[in-house]
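The values are calculated or read from the model by the stated rules, or taken from the named source; none is laboratory data. As the structure is a computational prediction, the values presented were derived from the model and not from experiment. With ideal geometry, Cβ positions are generated from the backbone for all residues, glycine too; neighbour counts draw on all protein chains shown. Note: areas computed on protein heavy atoms with side chains; ligands, DNA, RNA excluded. Shrake-Rupley method; radii C 1.70, N 1.55, O 1.52, S 1.80 Å.
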Amino acid sequence: MRTSWGRVRARQHADVPTSGEAAELWSRVLRRRGALVLSALGVGWSGVAATGLGMPRGLWLVGGALVLAGLFAGVAHRSVPRTDGGMTERLRDHPPEWRRLLVRTSGSLALVLAVVLVLGVTTRSPQVLAPFAAVAMGAHGLPAAYALDQPEYRWAGAGLVLAGATGVALLIAVTPYDVVRDVVGALAALSLLGTAARLSVRP
C-alpha cells in the first residue's frame, strides 16, 4: 500500500494536479466523464438488444435507456457542496504514464473490434459480433480501471465479459440469433448503466 507521500509523488509523475481544489476538480471531471461514456455505451447496447425485440418493445427499451442515461448525466453534474473537512471527491491515484496506457489499450480495443467486425462479415457469421465485441470491451475495463484509478470500471468490464460469455454459450447451444442479441445486449446495457449510476452518485 502506498503512503500518502508516495501517492503525491505518483500523481506528480503522472502530470496531474496533486492537491487542493484543482485535484478535486480533476477527479470529479474524470468521474463525470466516465458516467457519461458508460451511459452512452449502455444506450448503444440497449439498441443491440432492441434489434431482437421488434417494435414497439425495442423502441421502449432504447427510450428507457435514454431516460436513464439523461438522469445519470444530470445527477453526475449536480453541484457538490464542500464539507467542513474540505474535499468531498476521492483524489485519483494515477500510475505513471497513465495517458499512454489508456491510449494504447483504447487503440487495441478499436483494432480488436475492427477484426471482429471483418471476420463476422467475411465469414457470414454476424451472430458472433455481439458476444465477441462484449468480451473485447469488457477486457478493456481492467486497464482502464487501473489507468484512471476508477475501480468501478471493473464492474462494467466483468458484466460485459459475462454478457459475451453467455452469448457464446447460447450460440453453442444453437439458440436463435435474435435471442442471443437480446441477452447479450441486455446484460451489457445493465452492466454499463448500473456502473454509470454508481459513478453519478459517488462523492
Of the residues in region 20-43, those that are of a type in the set (K, R) and open to solvent by 70 Å² or more (accessible area, probe 1.4 Å) come to R33
Answer with yes or no whether L142 is touching a Gly at 6+ places or on another chain (Cβ under 8 Å) and under 19 Å from T195 (Cα atoms). yes
Kindly provide the set of residues from region 107-127 that are open to solvent by less than 50 Å² (accessible area, probe 1.4 Å), under 24 Å from P143 (Cα atoms) and either touching a helix residue (DSSP H, G or I) at 6+ places or on another chain (Cβ under 7 Å) or modelled with pLDDT under 80 (or both), ordered by number. L109, V116
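Please state which one of G120, G107 is closer than 27 Å to A35 by Cβ and either without any contact (Cβ under 8 Å) to a residue 60 or more places away in the chain or not acidic (D, E) (or both).
Checking each option against the conditions leaves just G107.
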Residue in region 172-194 that is open to solvent by less than 10 Å² (accessible area, probe 1.4 Å), closer than 26 Å to E24 by Cα, of a type in the set (G, A, S) and part of a helix (DSSP H, G or I) present: no
Subset of region 81-92 that is modelled with pLDDT under 75 and not polar (S, T, N, Q) - its residue that is surrounded by the fewest Cβ atoms within 10 Å (Cβ to Cβ): D84
Which residue out of P131, P95 is on the phi < 0 side of the Ramachandran plot, crowded, with 21+ Cβ neighbours inside 10 Å and over 12 Å from the mean Cα position of the chain (by Cα)? P131
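Within region 51-80, which residues are open to solvent by less than 70 Å² (accessible area, probe 1.4 Å), under 25 Å from L129 (Cβ atoms) and not in a helix (DSSP H, G or I)?
Result: G52, L53, G54.
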Looking at region 153-168, can you tell me whether even one residue there is part of a loop (DSSP other than H, G, I, E, B) and either of a type in the set (V, I, T) or at pLDDT below 95 (or both)? no
Which of the numbered conditions does A14 fail, given that it passes all the others? Conditions: (1) touching a Phe, Trp or Tyr at 6+ places or on another chain (Cβ under 8 Å); (2) modelled with pLDDT of 85 or more. (2)
